[in-house]
């Protein structure tokens with residue numbers, strides 16, 4: 001079983017109970033609209049999510065839980081849409097409870113999974129995108145060496161407004177250049 005350890009958190013496999021916990025814990029930030037609000041999913045959807053993770057793990061994605069050192073799951077992070085031929089993928093991550101956001105856990109989780117992706121499984125390019133108002137995600141990406149490549153103007157509509165989507169990426173060489181200087 002994978003266990004990637006950082007300073008304040010670790011990344012590990014999501015078990016069915018963890019998926020249910022994250023499903024129950026997810027809180028929407030109505031003062032900082034970072035993504036569309038999706039309502040109406042029952043707890044049964046958490047079981048479907050777990051099955052999807054298990055069916056695709058290592059094939060098209062690698063999804064891990066973000067755990068506090070106390071073993072409490074608080075979020076998830078994924079290398080998604082992995083293209084093994086081109087050695088590329090997209091990155092997605094989220095922290096369930098508002099109290100755990102803006103504390104550096106997402107930034108640390110990104111750093112841990114980037115090291116795994118570039119050092120252990122040989123990926124060459126990782127991209128990520130976020131909506132323009134998700135400043136926390138943008139900071140976490142930039143701290144970890146992602147470069148803003150561009151934006152999709154007014155590509156998303158929710159909460160009565162159109163939002164830009166920002167596209168970021170990091171290349172394997174850029175990652176190692178940044179980490180060799182430390």
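The values are calculated or read from the model by the stated rules, or taken from the named source; none is laboratory data. From a predicted model like this one, the values you see are computed outputs, not experimental measurements. Neighbour counts run over all protein chains shown; Cβ positions are idealised from the backbone, glycine included.
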In region 8-21, what residues are over 18 Å from residue 55 (Cβ atoms) and touching a strand residue (DSSP E or B) at 6+ places or on another chain (Cβ under 6 Å)?
9, 10, 11, 12, 21
Where residue 44 falls short, out of the listed (1) surrounded by fewer than 16 Cβ atoms within 10 Å (Cβ to Cβ); (2) touching a residue at least 40 places away in the same chain (Cβ under 8 Å):
(2)
Considering only region 136-163, state which residues are in contact (Cβ under 8 Å) with a residue 60 or more places away in the chain and either closer than 30 Å to residue 180 by Cα or part of a strand (DSSP E or B) (or both).
136, 137, 156, 158
Could you list all residues from region 163-182 that are in contact with a strand residue (DSSP E or B) (Cβ under 6 Å, 6 or more places away or on another chain), at pLDDT 95 or above and farther than 15 Å from residue 90 by Cβ?
164
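Of everything in region 116-129, what is part of a strand (DSSP E or B) and either surrounded by fewer than 21 Cβ atoms within 10 Å (Cβ to Cβ) or at pLDDT below 95 (or both)? Give them in sequence order.
Let us first name the residues in region 116-129 that are part of a strand (DSSP E or B), namely 125-129.
125, 127, 129 - these are the residues of region 116-129 that are part of a strand (DSSP E or B) and either surrounded by fewer than 21 Cβ atoms within 10 Å (Cβ to Cβ) or at pLDDT below 95 (or both).
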Please work out which residue is farthest from residue 130 (Cα to Cα), limiting yourself to region 164-178 and to residues that are out of contact with any helix residue (DSSP H, G or I) (no Cβ under 8 Å at 6 or more places or on another chain) and in contact (Cβ under 8 Å) with a residue 24 or more places away in the chain.
178
Of the conditions (1) in contact with a helix residue (DSSP H, G or I) (Cβ under 6 Å, 6 or more places away or on another chain); (2) over 28 Å from residue 50 (Cα atoms); (3) surrounded by 18 or more Cβ atoms within 10 Å (Cβ to Cβ), residue 143 fails just one. Which one is it?
(3)
Inside region 101-115, can you point out the residues that are closer than 15 Å to residue 11 by Cβ and either out of contact with any helix residue (DSSP H, G or I) (no Cβ under 9 Å at 6 or more places or on another chain) or not in a loop (DSSP other than H, G, I, E, B) (or both)?
105, 106, 107, 108, 109, 110, 111, 112, 113, 114, 115
Within the group 77, 66, 53, which residue is more than 15 Å from residue 101 (Cα to Cα), surrounded by 12 or more Cβ atoms within 10 Å (Cβ to Cβ) and at pLDDT 90 or above?
53
Could you tell me how many of the residues in region 95-115 are surrounded by 17 or more Cβ atoms within 10 Å (Cβ to Cβ) and closer than 19 Å to residue 2 by Cα?
9
